[in-house]
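This report refers to the structure that appears directly beneath it.
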Protein chains: 2
Amino acid sequence: MYISGIGRTKFGVNKGPIHRMIYSAMCDVLNDSNKSINNIDAIIVSNFLGGPLQGQLHNNALIASLLPGINLPIYHNETACASGGAAFNQALHLLNKYENVMIVGFEKMNGTTKIPPIEALTMAEDFELGYEKGLIFPAAYALIAQMYLDKYSVNHEILEMISYNNHINANLNPNAQFYEKNVTMDMIKQAKMVSSPLTLFDCSPLSDGAVAVIISNNKVSDRDVKILSSELITDSISIVQRKDLTSFPATKIAARKAFEYAHIKPQDIDILEVHDCFTISELIALEDLGICAAGKAHELIKNEDIILKGSIPVNTDGGLKANGHPIGATGLAQIFEIVTQLRKEAGRRQVESCEIGVCQNIGGIGSTSVVSVLGV
Amino acid sequence: MYISGIGRTKFGVNKGPIHRMIYSAMCDVLNDSNKSINNIDAIIVSNFLGGPLQGQLHNNALIASLLPGINLPIYHNETACASGGAAFNQALHLLNKYENVMIVGFEKMNGTTKIPPIEALTMAEDFELGYEKGLIFPAAYALIAQMYLDKYSVNHEILEMISYNNHINANLNPNAQFYEKNVTMDMIKQAKMVSSPLTLFDCSPLSDGAVAVIISNNKVSDRDVKILSSELITDSISIVQRKDLTSFPATKIAARKAFEYAHIKPQDIDILEVHDCFTISELIALEDLGICAAGKAHELIKNEDIILKGSIPVNTDGGLKANGHPIGATGLAQIFEIVTQLRKEAGRRQVESCEIGVCQNIGGIGSTSVVSVLGV
C-alpha cells in the first residue's frame with residue numbers, strides 16, 4: 001500500500017465557504033498524484049464539528065455535490081481530533097476492494113452557527129464532565145500537565161521549549177498558520193495564562209483548513225511513499241476512568257501494534273509527527289511511543305534532539321501548535337508532512353536523512369489514538 | 001461473511017441516558033451470538049445527531065467507556081439517515097483484518113440540548129436550502145411526492161395504503177414504536193396535514209433506540225445469515241443538482257452493483273426493508289430497486305404484493321414509519337429484521353418462504369444509499 005498523492009490548503013482563518021477549501025485540497029491531491037477523479041474508486045471524508053459549527057453534517061454527500069455525475073462510495077468518519085488519522089486508517093481497509101482511495105479531511109473552526117467553538121469542542125469529551133461541569137479541554141490538559149510536572153519534577157520551561165520548536169518549524173512552512181510569524185522565546189515566556197500551568201503558547205489555535213491524501217495498492221511513481229502500518233485504539237472518553245493521567249494507554253497499545261506490524265523499533269524512527277493539541281501532549285507522546293522512557297522526554301527536549309537537525313526531529317511542519325489544528329484535517333496534515341519529508345520536498349525545513357516516519361493522532365483526552373508508520 | 005448476531009432495544013421515547021440503550025443492545029447482540037466481548041476484534045459505531053442533540057460526539061470513545069480495560073479499535077461513521085447501513089457496509093471491509101466485528105447504531109432524537117430535532121435534521125441536507133431557506137425534510141419530500149403523484153397520475157390513497165401496511169406489520173412487532181397501537185385506515189385518512197400532500201401518517205416519527213449486529217468471517221451456527229453483498233453510493237446533497245426528483249440514482253446504482261455481486265435479480269428477492277422516512281420514499285424505493293418499472297409501484301401496493309402474505313413483503317417490522325426511526329440505528333434495524341425473518345424467528349409476522357432479503361437505507365434526500373443483500 002502506498003501514498004500516491006498529497007494536497008492541502010494553507011491553515012488559518014478562512015472566510016470562504018467550506019466547499020472552496022475542500023475542493024482546493026482535492027484538486028491539489030489529484031494534481032500531485034497525476035490522477036483524475038475518474039481514477040478514484042472511493043472517498044472517506046474526515047470532519048469533526050461540521051454539525052455544531054456549520055449546521056452541516058452528512059459531509060460525504062457534500063463531497064458528492066462537488067463531483068457532479070460521479071457517484072462514488074463516499075464515507076464519513078468522526079472520531080474527534082483523531083478523525084483524520086482514523087479516516088486514513090479506515091481507508092486502508094478499502095484497498096482490499098479498490099485500487100485508489102482518497103481521504104479528505106477538513107474543518108472550519110471559525111463557524112457560522114451560534115455555538116462557540118470552545119463549547120463545541122467539549123463534544124469530544126464526556127458530556128457530563130466537559131459540558132455540564134466545565135472541565136473543558138484547556139482545563140483537562142492543565143490538570144494533566146500539572147500532574148506530569150509534579151510527578152517528574154519538571155518545570156514549565158520544558159513546555160516553552162516545545163512550543164518554541166514548533167514555531168521555529170512553522171516559520172519555515174509556507175502552509176502553516178504561523179508561517180513567518182517569528183515567534184520568539186520572549187513572547188512565549190510572556191504569554192497570558194489560559195489554565196495554570198498552561199499559557200496561550202501551550203495551546204494549539206483555532207484553524208480552518210483541508211488536507212487530502214490518495215492511497216493506492218500499487219506503486220506508480222518514485223514519489224510514492226510506502227504505508228508500513230496503521231493502528232487505531234480507543235480508551236474511555238472520561239478521564240475519571242483512567243488510573244494515570246501522565247500517559248495515554250491507547251497510544252502505547254496502538255504504537256506497539258503498529259511497530260510490530262511494520263517490523264520497526266522506536267529507535268528506527270527518523271521523523272515524528274505527534275499530536276500537540278497542548279504542549280504537554282507532545283511530551284507524553286514521546287514517552288508513549290517509546291522514543292524514551294516515562295519521565296525522560298524532558299531530556300530529549302533539553303538536548304535539542306527534537307529540532308530539525310536533532311536525532312529525532314518532531315513536528316517539522318510546526319505541529320498542531322503552529323502549523324494549525326483544523327481538526328478533521330489534522331491527522332492528514334501529519335501524513336502530508338511525513339510524505340513531504342520522505343520525498344525530500346520539504347525545502348528549508350527538510351530533514352537531511354529520513355527513511356521512516358511516524359504519525360500519532362489523538363482524539364479527546366487520549367481516548368482515540370492512531371499510530372501510522374510510513375517509509376521509503 | 002456472515003451475520004452471527006443481532007440485538008436491539010425497543011424503539012420509542014427513551015428517557016434514560018444514551019449509555020443505557022447502547023449497553024443494552026450490545027449485551028443483547030453478544031447473547032444472541034453466543035460470544036463474549038473478548039471475541040470482538042473491532043467495533044464501528046453509527047450515530048447521526050449526537051453532537052447537536054446530546055452535546056456528545058466522539059461516540060467511539062463513549063463505547064470504549066462502556067468496555068473498561070478493553071482497548072479495541074472503535075470507529076464512528078456518520079452519513080445522516082444512512083449511518084447504520086454505511087457502518088454495516090464499512091464493517092465488511094474490516095473482515096479482511098478481523099474475525100468478528102460489531103456494529104452498534106444508536107440515536108436519541110429526544111435530545112438534551114436546546115436545538116430542536118427538526119432543526120438538527122436539516123444538517124443532513126444542504127445547509128443553505130435546508131437550514132437557511134427552510135426546505136426542511138417534510139417540505140422536500142412533499143415536493144417529491146407531489147411531483148411523483150402528478151407525473152404518474154397516482155393519488156394520495158396509495159401513500160395511505162403504504163402507511164397502513166407498515167402499521168399493520170408494526171402491530172405484530174413487540175420492539176416497534178407503534179406496537180399494538182392498532183392504527184386504522186380511518187385514523188390515517190383523518191390525519192393532519194404536515195406539508196401537502198404529506199400528512200402526519202406519511203412521516204416517520206422521532207425515535208430513540210439502539211441496534212447492534214455482529215459480523216464474522218466464518219459460519220459457526222445454523223442461525224448465521226450469509227452476507228451476499230453490500231454497496232454504498234453517494235449523490236449530491238442538494239436536490240437542485242438533480243435532473244429528476246421521482247427517482248434516486250444512488251439507490252439505482254447501489255442496487256445494480258449489489259445485485260450483480262450477489263448474482264441475484266430483483267425477482268429473486270423474497271423480503272425487502274426499504275427506507276420509508278416518508279411514504280413516498282417507499283414507493284420510489286420499489287422502483288429504484290427494480291422490483292417494478294418506474295411509475296408502476298402503485299400497482300404493487302394496490303395488488304397487496306407488499307403485505308406479509310404478498311409476493312414481496314416490504315418492511316415486515318413496520319418500517320421507519322411504525323417500527324421507528326432512531327436514525328443511527330435505522331439501517332441496522334433493517335438488517336435485524338431481515339436476519340430475524342431468514343432465521344424464521346419473526347413470530348406472528350413471519351414470512352412463510354424467504355431465502356433472500358434486501359435492505360435499502362438512504363441518507364438525506366437520496367444522497368447516500370446503501371443496498372445490502374442477505375441470504376440463507
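The values are calculated or read from the model by the stated rules, or taken from the named source; none is laboratory data. Fair warning: this is a prediction, and the values are worked out from it, not measured in the lab. Here the Cβ positions follow ideal geometry from the backbone for every residue, glycine too, while neighbour counts run over all protein chains shown. What goes into the accessible areas is simple: the full protein's heavy atoms, side chains included, and nothing from ligands, DNA or RNA. Shrake-Rupley method; radii C 1.70, N 1.55, O 1.52, S 1.80 Å.
What the table shows:
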quantity	calculated
Rounded to the nearest 20 debye, dipole of chain A from Cβ charges on Lys, Arg, Asp, Glu	520 debye
Evaluated at q = 0.12 Å⁻¹: base-10 log I(q)/I(0), Debye formula over Cα of chain A	-0.82
Beta bridge orientation in chain A: antiparallel %, DSSP, nearest 5	75 percent
Cα gyration tensor, region A:177-277 - rounded (a/c under 1.5), prolate or oblate	oblate
For region B:167-213: rounded, prolate or oblate by the Cα gyration tensor [a/c cutoff 1.5]	oblate
Alpha carbon Rg of region A:203-345, scaled by the compact-globule rule 2.2 N^0.38 Å	1.07
Chain A - mean residue ellipticity at 222 nm from DSSP helices (-39,500 (n - 2.57) per run, n ≥ 4, rounded to 500)	-10000 deg cm²/dmol
Where only C-alpha atoms are counted, convex hull volume of region A:332-376 per residue in Å³	74 Å³
Two-site label geometry, residue B:118 and residue A:344: point separation in nm, points 7 Å out along Cα→Cβ	6.4 nm
Total lysine pairs under 20 Å (Cα atoms) in region A:145-276, excluding pairs fewer than 8 apart on one chain	9
Gaussian network model of chain A, springs between alpha carbon atoms under 10 Å - residue of A:222, A:268, A:202 with greatest fluctuation	A:222
Tensor-based shape of region B:124-184 (alpha-carbon gyration tensor, a/c under 1.5 rounded, otherwise prolate or oblate)	oblate
Mean separation of Cα contacts under 8 Å, 6 or more apart, over the residue count of region A:1-90: relative contact order %	26 percent
Charged-residue dipole, Cβ positions (Lys, Arg, Asp, Glu), the protein assembly as shown about Cα centre, Debye nearest 20	140 debye
Kyte-Doolittle at least 0.0, axis length at least 15 Å by Cα - qualifying DSSP helices, chain A	A:18-33, A:83-94, A:137-151, A:327-342
Electrostatic dipole magnitude of region B:292-354 [Cβ: Lys, Arg +1; Asp, Glu -1; Cα centre; debye, to 20]	80 debye
Residue-normalised accessible area of chain B, expressed per residue, 1.4 Å probe, Å²	34 Å²
Of A:272, A:283, A:57, the one that fluctuates the most in a GNM where chain A has Cα springs shorter than 10 Å	A:57
Highest-fluctuation residue, B:230, B:311, B:33 considered, GNM on chain B with Cα pairs under 10 Å	B:311
